[in-house]
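None of the figures in this text is laboratory data; all of them are computed from the coordinates on show. Every value quoted in this text rests on a predicted model; they were computed, and no experiment measured them. Virtual Cβ from ideal backbone geometry, glycine too; neighbours counted across all protein chains shown.
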Amino acid sequence: MPGQSTSRGGSWAYGTALGYLTDLLLGDPRRGHPVAAFGRGAATLERLLWRDRRAAGAVHTALCVGGATTAVVALGHAVARASPAAQRLNRTVLTGTASWAVLGGSSLAREATGVGAALEAGDLEEARALLPRLCGRDPRALDGEEIARATVESLAENTSDAVVGALVWGALAGTPGLVAFRAVNTLDAMVGHRSDRYARFGWSAARLDDAMGWPGARLTALLATVAGPDREGALRSWRADGRAHPSPNAGPVEAAFAGALGLRLGGTLSYGGRVEHRPPLNAHGRTPQAGDIARAARLSRRVGALALLGTVAGGLVGRLAGRAVRATLAGGGSGVRRRAGHATPSARLAY
């Protein structure tokens, strides 16, 4: 139904904006966070299914992502049984609640600026204690500059993962898309590691996360280029260094942030005792300092706001275009039936 399609598009747009603003004002839910509940369920299922095989990991990924997405689809069907006016309100609330649970821009900026404040106060131990809330690096041997670099890199990558990528999948697939993206991203953080335990079991979650994160990462890099203080530097670094990163999605985002902020990112880092030597991003930039964390957080917020506007507008345009195509196809079909109806009396009776 054309009117119904427009109503659904409006409910989705209002709900997404509502969820984004709620996250902006309140941050993540303090108790009963759905993503935390999903993580506990995924961990329980992992203990039951773990085998050192890719097939076992694929089953784990399918059950976790499929279960979360199916639950949201079921809620959507329940909403559809209400009256038209109640449907619009319920769809808006459902999308808003899911968006609030999925988006994490405010918590990301809060945790990052906390690290920055500790560094500016000269409290290196506090900064080391706070860093694991942002990323999985071992902070024990990091100095202030290395912690600042790790924080800026985490801000860049998680702007894509916690904000832009989710908005993109919401625009493409509605509330189920939002939830599916967050489920995949959470699984990748849990099991998508190159460790002995997860190299095979986490392979499917990692590859699925790469695929679903691809469009959001490119949009994040583009918006960082547009919204950053050095557009030419961002574009140059993105094009020159984005592919040098071992992650196909973190590379473009971190390179664009590095160029936009005039910083040198990349280099040696340690994850759980495993040392990696990564190529530099924006090699001619300067070493990140504590004050650069706040600059990166501001850029992250601008990117998130632009992503909200762009994905909501794109989602509405896509839904209107789909409505026009369906109306055209339905009108064409009706024309064929009318012409066929004039052929014989039996044809008229058939319709």
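Using the Cβ-Cβ distance between residue 121 and residue 172 with R0 = 35 Å, the FRET efficiency computed as 1/(1 + (r/R0)^6) comes to roughly 0.20.
Per-residue Cβ neighbour counts within 10 Å put 14, 20 in the sequence 14, 20, beginning with the fewest.
With everything on Cα atoms, drop me the angle between helix 165-191 and the longest principal axis of the chain, reported from 0 to 90° to the nearest 10. Helix 165-191 sits at roughly 40 degrees to that axis.
Here's how it looks for residue 266: its modeled amide H is under 5 Å from those of 281, which are all 5 or more places away or on a different chain.
Stretching residue 140 away from residue 326 to a fully extended chain increases their span by 61.1 nm, per 0.36 nm per residue minus the current alpha-carbon distance. A simple spin-label model places the labels of residue 286 and residue 48 5.5 nm from each other, with each point 7 Å out along Cα-to-Cβ. When 70, 16, 97 are sorted by how many other C-beta atoms sit within 10 angstrom of their C-beta, beginning with the fewest, the order is 70, 97, 16.
Rounding to the nearest 10 and keeping the result within 0 to 90°, find how far the Cα-based axis of helix 290-341 lies from the longest principal axis of the chain. Roughly 20 degrees between the two axes.
When you restrict to C-alpha pairs under 8 Å that are six or more residues apart and normalise by the size of the range 2-346, the relative contact order lands at 21 percent. Helix 231-241 axis versus longest C-alpha principal axis of the chain: approximately 80°, rounded to the nearest ten. Take the Cβ atoms of residue 317 and residue 30, set R0 to 35 Å, and the FRET efficiency comes out at 0.45.
When 52, 28 are arranged by Cβ crowding within 10 Å, least crowded first, meaning fewest neighbours, the order is 52, 28.
Between residue 89 and residue 56, what FRET efficiency comes out of the Förster formula 1/(1 + (r/R0)^6) with R0 = 51 Å and r the beta carbon distance, rounded to 0.05?
My answer for the efficiency is 0.75.
Full extension of the segment from residue 197 to residue 309, taken as 0.36 nm per residue of separation minus the current Cα-Cα distance, would add 36.2 nm.
The distance between label points at residue 240 and residue 189 comes to 3.3 nm (points 7 Å beyond Cα on the Cα→Cβ vector).
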